Amino acid sequence: MDTPANKPFLELDAVPDLVRQLFPVSSVSQCSTLVSYDDLNFVVEATLENEPQQQTRKFVLKVLNRRDSLHVPLVEGMNSMMAFLHDQGLPCPVSLRGRNGDQVILHGLPHPNYKAEPGSSDLPMYAVRLLSYLPGTVLNSLPRQLEIYFKVGKFLGVLSRHLENFPPNPAIQTRDFTWALTHVLDCKSRVSVIKETEEKKQLVLDVLNAYEKKVVPTFQSLPRTYIHGDLNDYNILLEKVDGDDYEISGLLDYGDVVYSYRVCDIAIAMAYACIGKEDLFSLPGSILAGYQSSFPLSDAEFDLLYYLMIARMAQSATMGSYAYAQNPDEYLLVHAAPAWKTMARLWEIPKHEVEEKWKAYFK
């Protein structure tokens, strides 16, 4: 269970002083809050010291949750992945070095729910980073156009191809992460937090049992690589270019990066593409078609997509309920709440029918 001070606490009006204190910033003109699951994110308009003509630029101040902040090498691994992908030409944020020369700064912040050990005045420590800001609109807010989702899938195939060449990183490679899709069976111990109906609990258990029977035995034969781990429709940015055409302008949030099976990334993207949608096939089918056009899955990987997608929905629904029970923040249910209905509908459709409907969007 998370500690009471896991999610950082920082008032918006304290952000400018913190940014100037930790980073080579001469002034902060504006700042605003971004919603986040268990971190804190702020958009900051600032002027860097020694910046030519004192030009104001946008950044994202990211204060990592306390649990992940305890593992600085892992956070440095996230930075390394962003820098690597940026160097390959992908639109990824990069981390600015602080006044101390580090890209990850451990900093103590007061927290109303944190109690120091008796006799100690220590503050809880959080990893603080200042990231470059990427413009664009999140995929979730754009029109449900198949061309857009095909383009997203093609981009994700390119992402997977580049991540195969990401240099070995022990901190990521050995990470034991609850939200990893390969840890979905951990949800069995959290099913008790589902309060709505017994039918929902049983649905989750049925999905997890199918995953255990159909997916787990095949893992040893699948290709492994580094993956983003959370390719949901709030982490992919697009910008309008000519007319109604869009281009990928950003890939955000590397907090879930793991070394895993590469099929997990596209399965996660497909799951979020249909959560809460009336049409369960066209958007995930278009993403898959785009992915196949740039980095085709093997037959064995394709055969697991149905179970992996539904397992991610079960994971999102269960973990969202679990997190909400500890901290009743509505943002924690942004995907969890609609995942129930989508999961139930998809689970009723035979696997081969779903796969045939996806294939209809292949070019």
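Structural remarks
- The aspartates and glutamates within cross-link reach of residue 357, meaning a Cα-to-Cα straight distance under 19 Å and a gap of 8 or more places when in the same chain, are 147, 278, 279, 299, 301, 303, 348.
- Of the peptides 287-297, 261-271, 143-153, 207-217, the ranking by mean beta-carbon count within 10 Å, highest at the top, reads 261-271, 287-297, 143-153, 207-217.
- Net lengthening on full extension, residue 106/residue 29 (0.36 nm per residue, minus Cα-Cα): 25.3 nm
- Rounded to 10°, Cα long-axis angle of helix 336-347 versus longest principal axis of the chain: 20
- Entries in 151/188; 7/201; 62/351 that, when Cα-Cα distance is taken, lie over 30 Å: 151/188; 62/351
- For the range 186-332, alpha-carbon Rg over 2.2 N^0.38 Å: 1.12
- Each principal axis of the Cα atoms in the chain has its own extent, and those three values, largest first, are 59, 54, 36 angstrom.
- What the phi angles of the range 177-189 give under the Karplus curve with 6.51, -1.76 and 1.60, with θ = phi - 60°, is a coupling list of 10, 4, 7, 4, 4, 6, 9, 4, 5, 4, 5, 4, 7 Hz, glycine and proline written as x.
- Interatomic Cα distance distribution for the range 113-250, bins of 5 angstrom, percent: 2, 7, 11, 11, 13, 15, 15, 13, 8, 4, 1, 1, 0
- Close amide H contacts of residue 258 (hydrogens built in the peptide plane, cut-off under 5 Å, sequence separation of 5 or more or a different chain): 227.
- Sorting 347, 179, 358 by solvent-accessible area of protein heavy atoms yields 347, 179, 358, largest first, with a 1.4 Å probe.
- Across the chain, the mean sequence separation of Cα contacts (distance under 8 Å, 6 or more residues apart), normalised by length, yields a relative contact order of 16 percent.
- Set 277/363; 214/359; 200/363 screened for pairs whose C-alpha atoms are more than 26 Å apart: 200/363
- Distance histogram for the range 192-265 (every C-alpha pair counted, 10 angstrom bins, percent rounded to whole numbers): 15, 25, 32, 20, 7, 0
- Stokes-Einstein D (µm²/s) once Rh is taken as the Kirkwood radius of the range 1-106 over alpha-carbon pairs, at 20 °C in 1.002 mPa s: 144
- Site pair residue 67 and residue 351 shows an inter-label distance of 3.0 nm when each label is modelled 7 Å from Cα along Cα→Cβ.
- Distance from the range 143-191 to the range 64-110 (C-alpha centre basis), Å: 19
- C-alpha long axis of helix 299-326 to longest principal axis of the chain, angle in °: 50
- Our helix-only sum for the chain, with -39,500 (n - 2.57) per DSSP H run of n ≥ 4 divided by its residues, gives a mean residue ellipticity at 222 nm of -12500 deg cm²/dmol.
- Note, ³J(HN,Hα) from phi for the range 155-160, Karplus 6.51, -1.76, 1.60, rounded to Hz, x at Gly and Pro: 4, 5, x, 4, 4, 4
- Interchain or long-range residues, amide H under 5 Å from residue 250's placed H: 237
- Its alpha carbons give the range 64-142 an Rg and a Dmax of 16.0, 53 Å.
- For residue 7, the amide hydrogen comes within under 5 Å of the amide hydrogens of 66, counting only partners 5 or more places away or on other chains and with H modelled in the peptide plane.
- Cα-based radius of gyration for the range 97-184, normalised by 2.2 N^0.38 Å, reads 1.66.
- ³J(HN,Hα) computed for each position of the range 35-51 - Karplus, 6.51 cos²θ - 1.76 cosθ + 1.60, integer Hz, glycine/proline x: 5, 7, 5, 9, 9, 10, 10, 9, 8, 10, 9, 9, 10, 7, 5, 6, 6
- Acute angle (nearest 10 degrees) that the helix 282-294 long axis makes with the longest principal axis of the chain, alpha-carbon atoms: 80
The values are calculated or read from the model by the stated rules, or taken from the named source; none is laboratory data. Keep in mind that what you see is a predicted model, and the values were worked out from it rather than measured. All Cβ positions, even for glycine, are placed from backbone atoms using ideal geometry, and neighbour counts span all protein chains on display. In case anyone asks, the SASA skips ligands and DNA or RNA and just uses the protein heavy atoms, side chains included. Shrake-Rupley method; radii C 1.70, N 1.55, O 1.52, S 1.80 Å.
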